[in-house]
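Before any comments, here is the structure.
Read the figures in this text as sums done on the coordinates, not as results from a lab. Remember, it's a predicted structure, so these values are computed and weren't measured experimentally. Here the Cβ is made from the backbone with ideal geometry for all residues, glycine too, and neighbour counts use every protein chain on show.
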Amino acid sequence: MIRKIVFTLLMVLSATSVNAQRFQQPLTRQDTLRGSITPEREWWDLTFYHLNIKTSPADSSINGYVLISYDVISPHDLMQIDLQPPLEINRITQEGKELEFKHDGNAWFVHMDKEQMAGESNELIVYYGGKPKASRRPPWDDGLTWVYDDNGNSFYATSCQGGGASIWWPCKDHMYDEPDSMRFSITTPGDLMDVSNGRYKGVTKNPDGTKTWHWYVYNPINNYGVNINVGDYVHFGEVYEGELGKLDCDYYVLNYNLEKAKEHFKQVPMMLEAFEYWFGPYPFYEDGYKLVEAPYLGMEHQSSVTYGNGYMNGYRGRDVSGTGWGEKFDFIIVHESGHEWFANNITYRDIADMWIHESFIAYSEGLFVEYWYGKEAGFEYLRGVRSNIGNDRPIIGTYNVNRSGSGDMYQKGATMLHMIRQLVNDDDKWRDILRGLNKTFWHQTVTTEQIEGYMEEHTDFDLKPIFNQFLRDTRIPVLEYRFNENGLMYRWGNAVRGFNMPVKVYLDGKETWLDFTDRGWSFLESLEPCELVVDKDFYVAVLNIMGE
Ligand SMILES: [Zn+2]
């Protein structure tokens, strides 16, 4: 009979209901059109975009066209292109012929005039324009940010993770399909410069005094990674000697921040060194690496990571871990650049699986600390960030409707990965897994199941219940135990069915791994009652069920 319960939560749980209401909104047909691979998307394989637009800060408008190249997989006569109001598509042409189209909310359906033959490569041009939605709270709210710099020059940029790239240009706005390459021709007022993704290809001076900036991306690129940044930029750069040879690093900052940036961006090679060590080669040598000042905090735009953290360490000067280690590095440089591996190299197919980006990268902050300050420092950082866990909703969101899961995908996801590393208990093997993920899924879009499968195969652990517990459930497992005349009996409570994660504990200070049978109690026999302490790198609770 249970008489007395001592309940010790290792964590102080915060009962935040972050944005809970937003996620209770009913799903609509628009969510399905946006978030699923519709028949009007499925029949064509995107190969190339050329985005050619004129940006006008005077009236906050953009106008131009996007050329879309694609291969026909199976013939179909309707194509879905996405563009969100208030922007509008004006014309669509294929081989010079006007195509008819109509729209259903954000989805525009184009009637293909010409018969689409399987295997052939086609292209069409979509002309559009208007005043795109302005972002009120970038980068969390999507759209264009139009501001002025301290000298009164226009300074504007796009950011669109979640809402999608179709908030500012017409595209196939689903993550499963990436173009193999992309070209930009971005027109700006004559005194400003655009910085987009990939390689700088030159500038054209137009008769009306504007300039057109040309950029080219040589690698597959995800939709929300595409960006423009326009400002009164100055440039400096360096060459990093990395795993695949020379990597061009280019920095674009507002002219009055040049000296600060030259000093502060010395963290870039430190970031590259740490992440190439843990994750393998930087994934876009052909496109180079860029850090570009933006009028908001920052975002993982592929090969043009945007930066607005005020040239300070921490997250806007704050250590998110509360351990002191977060003051040692610029959170935005490290976190957003880390996404070049998990987000831009390995990309979720469905935003419900956004943990693939954020859990690994929240975790990577600890790896950065570990690389430069030692293993215990990195571990301390990762234990510190747990105070941000909310356990409000599962980390995995809702599939096929463009809905991501809980913000716990950051710190709780990182915590889960940190625990799996404890199980692997072999630093080289763990590093091989992280590098292996990047190699195996190089430039691919993936599902949670692919990541889980790879990790399971390479750790030799039954990780399924662990992923189910921490990605698909909100409960914190409780290690329930008691001593009786035979020794220690223990089991997992408050856990998903079949949860059997081994856990490291200290019995009167002696390190011991507890393994679990699939159901019911497990036993350590011939053990006198003693103090049981769970290793602090495990995010679990402990319940001592004291018998009589
Ligand atoms: Zn992130």
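Observations on the structure shown:
- Shape call, the range 156-287: gyration tensor on alpha carbons, a/c limit 1.5: oblate
- Fraction of antiparallel bridges per DSSP, the chain only, in percent to nearest 5: 80
- Computed FRET value (nearest 0.05) for ASN90 with GLU286, which takes r as the C-beta separation and R₀ as 35 Å: 0.55
- Start at zero, step by 10 Å, and the Cα-Cα distances of the range 377-536 spread as 9, 33, 37, 16, 4, 1 percent across the bins.
- The range 469-484-the range 329-396 distance, computed between alpha-carbon centres (Å): 23
- Among 359-365, 537-543, 472-478, 519-525, sorting by the average number of other beta carbon atoms lying within 10 angstrom of each residue, highest first, gives 359-365, 537-543, 472-478, 519-525.
- A helix-only calculation puts the chain at -6500 deg cm²/dmol for mean residue ellipticity at 222 nm, using -39500 (n - 2.57) for each DSSP H run of at least four residues, averaged over all residues.
- Descending by average beta-carbon neighbour count within 10 Å, the peptides 394-405, 423-434, 222-233 line up as 222-233, 394-405, 423-434, the highest first.
- 0 to 90° range, to nearest 10: angle between helix 448-459 axis and the chain longest Cα axis: 50
- Only the Cβ atoms of Lys and Arg (+1) and of Asp and Glu (-1) were treated as charged; on that basis the dipole of the chain about its Cα centre amounts to roughly 1320 debye.
- Positive end of the dipole of the chain (Cβ unit charges, origin at the Cα centre): among LEU367, TYR70, VAL253, the Cα lying farthest that way belongs to VAL253.
- When each of LYS260/LYS290; LYS464/LYS504; LYS260/LYS412 is checked by Cα-Cα distance, pairs over 28 Å: LYS260/LYS412
- If both residues of a DSSP beta bridge must be in the range 478-544, then about 85% of such bridges are antiparallel.
- Cα shape, the range 478-544, gyration tensor, a/c 1.5 rule: oblate
- Sorted by Cβ density within 10 Å, fewest first, the residues TYR49, TYR200: TYR200, TYR49
- Label-point separation in nm, ILE37 to PHE101, each point 7 Å along Cα→Cβ: 2.3
- Under 12 Å from LYS246, Cα to Cα: aspartates and glutamates that are on another chain or at least 8 residues apart: GLU238, GLU286, ASP287
- Residue exposure proxy: HIS443, HIS174, HIS111, ordered by other Cβ atoms within 10 angstrom of their Cβ from fewest to most, comes out as HIS111, HIS443, HIS174.
- The slack between GLN30 and ASP45, meaning 0.36 nm per residue of separation minus the straight C-alpha distance, is 3.2 nm.
- Put in order of Cβ neighbour count within 10 Å, fewest first, the listed residues SER36, SER135 become SER36, SER135.
- Separation of the LEU78 and THR204 label points, Cα + 7 Å toward Cβ, nm: 3.6
- Inter-centroid distance (Cα atoms) of the range 101-159 relative to the range 273-287, Å: 30
- Cα Rg, Dmax, the chain, angstrom units: 25.5, 92
- Potential extension, TRP513-ASP428 segment - 0.36 nm per residue separation minus Cα distance: 28.6 nm
- Nearest-ten-degree value, helix 267-279 long axis tilted from longest Cα axis of the chain: 60
- Set of lysines with alpha-carbon distance to LYS102 below 28 Å, sequence-local pairs under 8 removed: LYS54, LYS114, LYS131, LYS133, LYS172
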